[in-house]
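A short worksheet on the structure shown next.
The values are calculated or read from the model by the stated rules, or taken from the named source; none is laboratory data. What you are looking at is a predicted structure, and each value in this text was computed from that prediction instead of being measured. Every residue, glycine as well, gets a Cβ built from its backbone with ideal geometry; the counts of neighbours run over all protein chains shown. Note: areas computed on protein heavy atoms with side chains; ligands, DNA, RNA excluded. Shrake-Rupley method; radii C 1.70, N 1.55, O 1.52, S 1.80 Å.
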Amino acid sequence: MYRSDSPGLSRLLTPILQRHGRDATRLLQILREVQDACHSVPAGAIDLVAAHLDVPRVNVEGVAGFYSFLSAHPAGEYRLLFSGNITDQMLGKDELMQYLCNKLWVEPGRLSEDGLVSVDSTSCTGMCDQGPAALVNGWPLTNLDHNRLDLIAELIRSRKPVADWPPMLFEVADNVHRGDVLLGQPFEPGAAIRATLARGAKETLAEMDKSNLRGRGGAGFKTASKWAFCHAAIAEEEGGVICDVGGQPERFIVCNADEGEPGTFKDRVLLNSHADLVFEGMTVGARVVGASKGFLYLRGEYRYLLQQLEAVLKRRREAGLLGGNILGQTDFSFDIEIHLGAGAYICGEESALIESLEGKRGRPRNRPPFPVTRGYKGRPTVVDNVETFACAARIAENGGAWFASIGTAQSTGTKLLSVSGDVARPGIYEYPFGVTVRQILDDCGAQGRSYAVQVSGPSGTTISWKEFERKIAFEDLPTAGALMVFRHRRDLFQAARNFADFFAHESCGFCTPCRVGTQLQKKILEKIQSGHGTASDLEELKRLGHILKTMSHCGLGSSAANPVLDILEKFPDMYESKLKAFAFEPAFDLDGALETARKITGRDDEWAHL
Amino acid sequence: MSKTITIDGLTVPFRDGQTIMDAALASGVYIPHLCHNPEFKPHGSCKLCTVNVNGRNAASCTMPATEGLQVLNDTAELNDERRALVQMLFVEGNHLCPSCEKSGNCQLQAVAYYLEMMSPHYNHFYPTREVDASHPGILLDRNRCIYCELCVRASRDADGKNVFGLTGRGMATTLIVNSASGRLGDTTLAVTDKAVQVCPTGALMKKGLAYTVPIGRRIFDHHSIKDVQTGGGHE
Ligand SMILES: Cc1cc2nc3c(=O)[nH]c(=O)nc-3n(C[C@H](O)[C@H](O)[C@H](O)COP(=O)(O)O)c2cc1C
Ligand code: SF4
Ligand code: SF4
Ligand code: FES
């Protein structure tokens, strides 16, 4: 164990601390690097970081304990985390993980005796189209099978640095099977900014308004309204109006690339192959609301994209599309900084994301005030999804009427769908809004008879085969982009359990209903799985679902019962076939508990039983 | 004319900047609450104070009052849900009221009485949590912590010390103290600190006072938490 006075630790951390300076908003970024360097965040490092940033030790320890990729205990020189989404499970993840554990002589979740390696599960890593997937020291491994795991075990045993592993293990394909206005058409970097400057900021906002673009991150809020609110917001602190730059409050543009909803991987593809479009959309947004600083909040699982994204930013700066005096415009400066997450689904929620950007625990804020008036550092802030910014760039380039002519009246434009599960061609499909589920299933080669589709991930909606004529649109089936397909004879109860486990694992723990309710939900499903469930447990699930929905602090808790109750409602057999015939069975076996007493007293008569 | 909202049909005045909870308390209307203490910045974590505002649920301790809001508070449905939340708090920790020195002065216990909680309903989690007796004057028993962060807020905002904080996530959330050893005795916490006085449960208690007021003569043994927290009922 490292202590803060150990010279080894201080030598290891000094370059990291110096690189980040004394800015407390860098805390999470610093701790990520500490984890890389020490394979954990040891207590001694917490002391050093707290002293360096001059923040209370509890704050540093609080952040270190919040994020899944930071660990208080050593996680080994090689840390393997298998993606635990239901799609990975359907592709054999549980068996493969056990296979690797056996080969390496480790127990899941435990560090090997020699301190070399640990193997565990993590929430969906966003590789559902090429699973089963895993992360090794944060780098994605795809298409895992026994052969690859044999090779990986060999590489670990021979202590080969991950950087020297064969590149084919880390290949991530885009798998775009249908492109439209975002993915299917070329984009000339700078085109949208030029159009914006030529048209004017106000006029560009008017085009955004005309386009009727709605947020692609899930909630579907009209983007032009959000930008207008942010532009109009007056930042106030107790004691007066804040003026940060030239008599104006500073404003921020934040791109939400947390993409944590299991089954969603479309932002991964946008950032990998269309980063210019995304950064350009952010820059257009900056011009419209008057921001000079932007952030890309990139989920930790996508750290492999960091270097190439930094390269795109650099190229854009050199081309005058980012930085000071953009395209020679002396009153237009805007730059983008990338922050990495560290394994916390809740940080996709916009106010938790802002907390995380500030270097804190990712706890959703109380609202109002909303981020558009009080966001990052208390200043007006726009938080939009990656795809939303890509759309914004296209709108700035081609106009609002053009965009509004695509899709349906209430859901304009196209939607990127991440399709996975029981289909022949998993990957990305871009459709105009209004496409039916059946059309998508036909196009992606849904295997056999499709039975159910999980739309928009665990927090979305489960639909049955009776509903395949429904449309992808805000007015019918809204989605942040995930479509997980289940064929006939899949045990959907396992999907419900997987999703319930996910929410229990990812609950931030701030509010009572979600912190405890997601655990209770998980426990009831475990009870049913083990054959002890009764009809009264189903009633309890409904009651819990109601409390989660109506009492939770944020969207995580309020949607945590969705898949559990949807599957119960639409596929009751999946639950009922596992129930005992009795109406009620306690989780605690009273008669069983008396067994010891019977043994001691040597009784087994009628009165010694319940 | 002052601005008003209605709570269960009763007209309640408020000033700009007040929350629904502030307005209610000022008018002697009781909304069950645990993580709220008027002396500190609203937090919004226990959700006991959830009310229905114009048809939607919201935590009244963090929701700003605005003109004309129609608030439902003392309804059977809300009280059912609040009772479930209290039951959740009871089963996630280890609350053994009969042997707890805070019994009778404990807000968790008192609000459970108020909401007519007859049983914990859910199965107990029986978590393993650490007790810290290292401080000469103060006992920290994490078994009774409900993560209301009142001690965190009081230490930070009133005492200027930052003795407390939370780490972990979800069910693994844990109350931590500001010392490299992790022990309360190694922090700057003083017996006179505000942080020691605000705990609604028996998680943080002064040592040496056990049973100076016998059980049966403690505040909630005689008064409903409703009367105590709205300033009424003290005869
Ligand atoms: C638990 C939770 C997780 C979320 N995760 C994401 C996410 O990964 N990406 C995202 O864009 N929005 C996510 N959101 C929605 C954001 O809070 C926010 O609405 C969105 O970023 C706004 O962008 P938009 O208007 O462009 O959709 C999440 C919301 C919740 C409640
Ligand atoms: S609903 Fe869940 S995730 Fe959201 S604040 Fe409450 S505990 Fe945290
Ligand atoms: S110790 Fe008491 S005041 Fe502090 S968080 Fe726990 S219950 Fe709240
Ligand atoms: S009193 Fe309002 S949430 Fe706790």
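Residues that are touching an Asp or Glu at 6+ places or on another chain (Cβ under 8 Å) and not assigned by TED's automatic domain parsing to the domain that holds A:G131: list the strands (runs of 3 or more DSSP E) wholly contained in the range A:249-364 that include at least 3 such residues. Give the steps one after another, and end with the answer.
Details: elements: A:252-257, A:293-298, A:335-340.
Those strands (runs of 3 or more DSSP E) span A:252-257, A:293-298.
Can A:F370 be described as touching a helix residue (DSSP H, G or I) at 6+ places or on another chain (Cβ under 6 Å) and among the hydrophobic types (A, V, I, L, M, F, W, C)?
Taking the combined requirement at face value, the residue does not satisfy it.
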Worksheet item: What are the residues in the range A:70-98 that are within 14 Å of another protein chain (Cβ to nearest Cβ) and open to solvent by 30 Å² or more (accessible area, probe 1.4 Å), if any?
Response: A:A72, A:H73
Practice prompt. Looking at (1) within 14 Å of chain B (Cβ to nearest Cβ); (2) touching a Lys or Arg at 6+ places or on another chain (Cβ under 7 Å), find the lone condition where A:P42 falls short.
Written response: (2)
Discussion item. I'd like the full set of residues that are touching a helix residue (DSSP H, G or I) at 6+ places or on another chain (Cβ under 8 Å), in contact (Cβ under 8 Å) with a residue 12 or more places away in the chain and within 11 Å of chain B (Cβ to nearest Cβ), limited to the range A:48-67.
Written reply: A:L48, A:V55, A:N59, A:V60, A:E61, A:V63, A:A64, A:Y67
Response to the item:
Quick count over the range A:493-505, residues being at the interface with another protein chain (Cβ under 10 Å from one of its Cβ atoms) and surrounded by 24 or more Cβ atoms within 10 Å (Cβ to Cβ), is 1
Discussion item. If the requirement is being away from ligand 3 (no atom under 16 Å from the Cβ), facing chain A (nearest Cβ under 10 Å) and more than 30 Å from A:A587 (Cα to Cα), which of these qualifies: B:A59, B:A65?
Written reply: B:A59
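Output the residue which, of all residues in the range B:145-158 that are open to solvent by 40 Å² or more (accessible area, probe 1.4 Å) and in contact (Cβ under 8 Å) with a residue 12 or more places away in the chain, is farthest from ligand 2 (Cβ to nearest atom).
So in the range B:145-158, the residues open to solvent by 40 Å² or more (accessible area, probe 1.4 Å) come out as B:156-158.
Subsequent filtering for residues that are in contact (Cβ under 8 Å) with a residue 12 or more places away in the chain retains B:157-158.
Working: B:D157: 21, B:A158: 25 Å.
Per the criteria, the residue is B:A158.
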Worksheet entry | Residues of the range A:467-509 that turn out to be free of Cβ contacts under 8 Å to residues at least 12 places away in the same chain and either of a type in the set (V, I, T) or farther than 26 Å from A:G362 by Cβ (or both), as a count | 1
Discussion item. Please determine whether any residue of the range B:75-90 is over 14 Å from the mean Cα position of the chain (by Cα), farther than 20 Å from A:H553 by Cα and open to solvent by 30 Å² or more (accessible area, probe 1.4 Å).
Written reply: yes
Item to complete: List the number of the failed condition for B:D80; all other conditions in (1) within 14 Å of chain A (Cβ to nearest Cβ); (2) within 13 Å of ligand 3 (Cβ to nearest atom) hold.
Response: (2)
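Would you call A:A319 under 16 Å from A:D276 (Cβ atoms) and without any contact (Cβ under 8 Å) to a residue 12 or more places away in the chain?
Details: under 16 Å from A:D276 (Cβ atoms): yes; without any contact (Cβ under 8 Å) to a residue 12 or more places away in the chain: no.
When the stated conditions are applied, A:A319 does not pass them.
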Discussion item. Among the numbered criteria (1) within 17 Å of B:G202 (Cα to Cα); (2) within 14 Å of chain A (Cβ to nearest Cβ); (3) more than 15 Å from ligand 3 (Cβ to nearest atom), which one does B:P98 miss?
Written reply: (2)
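Given the options B:G55, B:G68, name the one that is surrounded by fewer than 18 Cβ atoms within 10 Å (Cβ to Cβ), within 18 Å of A:H546 (Cβ to Cβ), over 18 Å from the mean Cα position of the chain (by Cα) and not assigned by TED's automatic domain parsing to the domain that holds B:N143. Before you say what the answer is, go through the steps one by one.
Working: B:G68 fails: within 18 Å of A:H546 (Cβ to Cβ).
None of the other options fit; the residue is B:G55.
Yes/no matrix, rows are residues, columns are (1) crowded, with 21+ Cβ neighbours inside 10 Å; (2) at pLDDT 95 or above; (3) under 19 Å from the mean Cα position of the chain (by Cα):
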site: B:Y122; (1), (2), (3): yes, yes, no
site: B:N178; (1), (2), (3): yes, yes, no
site: B:R183; (1), (2), (3): no, yes, no
site: B:T187; (1), (2), (3): yes, yes, no
site: B:L209; (1), (2), (3): no, no, no
site: B:I215; (1), (2), (3): no, no, no
Worksheet item: Given the conditions (1) crowded, with 24+ Cβ neighbours inside 10 Å; (2) in contact with a strand residue (DSSP E or B) (Cβ under 9 Å, 6 or more places away or on another chain), which single one is not true for A:P364?
Response: (2)
Worksheet item: Just for the range A:196-226: of the residues that are out of contact with any strand residue (DSSP E or B) (no Cβ under 9 Å at 6 or more places or on another chain) and not in a helix (DSSP H, G or I), which one is nearest to ligand 3 (Cβ to nearest atom)?
Response: A:A219
Worksheet item: Which condition does A:G531 not pass, out of (1) more than 10 Å from ligand 2 (Cβ to nearest atom); (2) at negative phi, if it passes all the others?
Response: (2)
Worksheet item: For residues in the range A:506-530 being out of contact with any helix residue (DSSP H, G or I) (no Cβ under 7 Å at 6 or more places or on another chain) and more than 17 Å from B:E149 (Cβ to Cβ), which is nearest to the other protein chains (Cβ to nearest Cβ)?
Response: A:K523
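This table checks each residue for (1) within 14 Å of chain A (Cβ to nearest Cβ); (2) open to solvent by 60 Å² or more (accessible area, probe 1.4 Å); (3) of a type in the set (A, V, I, L, M).
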position	(1), (2), (3)
B:S103	no, no, no
B:L108	yes, no, yes
B:A112	yes, no, yes
B:E116	no, yes, no
